[in-house]
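What follows is a short report on a single structure.
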Amino acid sequence: MVQNFEIVIIGAGPAGLTAAIRLLEMGHSVALVEQEAFPRPQIGESLSPGVRPIFDYLGAGDLLENPQFLHNIPSRIAWGGGEPALLQPGQRGAGLMVDRADLDARLLALAMSRGLRVFQPAKMAGSLFQNDRYELKIQSTEADYHITARVLLDARGRGGAHIHERMPLAPASVALWTHVPAGAYEACIETVDEGWIWGAPVPGNHYRIMAFTDPESLKGHSKACTMQRMQAGSKLFGQRAADTLDFDIKTCLVSAYVHTRPWERNFIKIGEAAFTLDPLSSTGVEVAMRFSLQTAIAVHTMLADDDPVIAKAFYENKLAEAVASHQRWTSEYYAEAAKAHSPFPFWEKRRGFRTGEIEASNDFTALVKQRLMRPSATQAAKEPAAVPIDPLIRFLWDKPVHLSGQLAFSSEFAVTGDRVEIRRAMVHPNLPRPVVYLNHIEIPPLLNALDEGATYGTAIETWCRHFPYGDVKKVLGFLWGAEIVQ
Ligand SMILES: Cc1cc2nc3c(=O)[nH]c(=O)nc-3n(C[C@H](O)[C@H](O)[C@H](O)COP(=O)(O)OP(=O)(O)OC[C@H]3O[C@@H](n4cnc5c(N)ncnc54)[C@H](O)[C@@H]3O)c2cc1C
């Protein structure tokens, strides 16, 4: 018997499960195919503080309260030479160390309780796209299934992109990792001549050590030798160099890239199947989940409004933005450390890497390249001044409102009620990015509605016919602080 779904997701990592939970919530029929039986081991245990609001948003916040997970871990950082600095847990937000096998399994169970149909352990044995639908053959240990879907979400992780489909965003890099018996209750990060090393306690009374280096460093050397050599040149990991020889060392390529065709014929990539981040940020899980939330909105817009053009453009823009902001952030950190470790190849390659030389092969990769080359908007924009609003309103009440001569408008994507729409947005040198809404109030129509000769008093009275006075005050304070109204 053929089972029909609107969306089929391949892969039950954080990306696939986030998309599943949101799309079910939006009323779609969703199935998921996962090749492994859960719980299965998975790397990526250090979760950044930004995952908490995402889990809360999914109604899954309590999954992070597992008593086995580790919280409040201080960090010792020696980046680019110099003496290690100790950061107390609160200083970088409240991240945590989890057991991914356990967390992914519980998130999957939660999605199933919300209506997700799961084939596991199972694999896609064949697919055919015809009449705008995918016909899929799923092979599991129990039986073969035939299912159909309008949209296929590829959440297979790194396995979702072949080498020739990857647009590289940084020089190649390889990770070596193992765990040793638990040591100090602190995370450590340190740069060494051959790359950098990270370590942190993990659930199960172990200490994870991970070294990142150029693939050349491994040529002619065993994994254990390479790791031991890197640790031997380190202040923070030197004492444990001998330990790592005794433990099983794993390795994989961790080069940052973006898929060159992430959305084709409703076959849409999310999470690490779409793009991989440089491991430096330790935000892989958070960024994968956030991008899945955006993709869920794009898919919902396509299915509900039958508008694939705007949905795909929204998705591609969000992907290009995420890639560019991350690339900019990591290259700044690498450039800082390269000064201390020149002329070693890992650092020289990063110093010499030019985004302008990345080749664009189609419209999507050209968009990525354009975003990579664009100067960071947040650097250019100035923070609006905090304004004591009540005295300001009394002072301005009878004065005419002047709009800044530098104010312009552009068409931008805006998300309203889980759908993407095109809206007019304010553009101004003092704004980090085009702005449609402030405090849930759409601003361009408010500015357009200002009559010739309007005073602040008449403007406030007009706006208060539609919005509460408290919100109008906040909007006015922001516009004045950013010098959009003068
Ligand atoms: C060495 C290393 C260290 C990392 N450290 C961190 C870290 O500390 N913090 C952090 O936030 N991120 C880290 N990351 C990144 C993090 O692991 C990923 O960002 C995150 O797991 C991506 O989630 P995902 O859902 O896209 O893919 P995954 O978590 O990889 O999930 C993919 C799922 O798809 C399944 N699958 C694959 N192929 C198929 C198929 N053909 N059919 C069916 N199912 C399939 C897999 O079994 C798996 O369950 C690290 C990555 C690496 C490589």
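Readers should treat all values here as calculations from the given coordinates under stated rules, not as data from a laboratory. These numbers were taken from a predicted model, which means no experiment stands behind them. Don't worry about glycine lacking a Cβ; one is built from the backbone with ideal geometry, like all the others, and counts go over all protein chains shown.
What the table below lists for this structure:
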| read-out | value |
| --- | --- |
| C-alpha center-to-center spacing [segment 109-163, segment 33-48] in angstrom | 18 Å |
| Segment 205-297: trypsin sites (Lys or Arg not before Pro) in DSSP coil with no more than 14 other Cβ atoms inside 10 Å | Lys219, Arg265 |
| The chain shape via C-alpha gyration tensor axes, a/c threshold 1.5 | oblate |
| Separation of the Leu403 and Asn131 label points, Cα + 7 Å toward Cβ, nm | 5.1 nm |
| Stretchable slack from Ile163 to Glu348, in nm (0.36 nm times residue separation minus alpha-carbon distance) | 64.2 nm |
| Chymotrypsin sites (Phe, Trp or Tyr not before Pro), loop per DSSP, at most 14 other Cβ atoms within 10 Å - longest free stretch of the chain | 186-396 |
| Debye, to nearest 20: dipole size of segment 173-254, +1 on Lys, Arg Cβ, -1 on Asp, Glu Cβ | 100 debye |
| Ordering of 154-161, 427-434 by burial proxy (mean other Cβ atoms within 10 Å per residue, highest first) | 154-161, 427-434 |
| Farthest positive-ward along the chain dipole, Cα basis, beta-carbon charges - from Asn448, Ala482, Pro345 | Pro345 |
| Length added when fully stretched, His221-Ser361, from 0.36 nm per residue minus Cα-Cα | 46.8 nm |
| Farthest toward positive dipole pole in segment 173-254 [+1 Lys/Arg, -1 Asp/Glu at C-beta], among Ile249, Gln239, Gly199 | Ile249 |
| Loop sites in segment 314-368: trypsin sites (Lys or Arg not before Pro), DSSP, at most 16 other Cβ within 10 Å | Arg354 |
| Dipole-positive endmost among Gln370, Trp397, Tyr333 within segment 310-447 (Cβ charges, Cα centre) | Tyr333 |
| Cα gyration tensor, segment 297-453 - rounded (a/c under 1.5), prolate or oblate | oblate |
| Inter-label distance, nm, simple model (7 Å from Cα along the C-beta direction), Trp329/Lys123 | 3.6 nm |
| Helix-only mean residue ellipticity at 222 nm for the chain, each DSSP H run of n ≥ 4 adding -39500 (n - 2.57), per residue, nearest 500 | -10500 deg cm²/dmol |
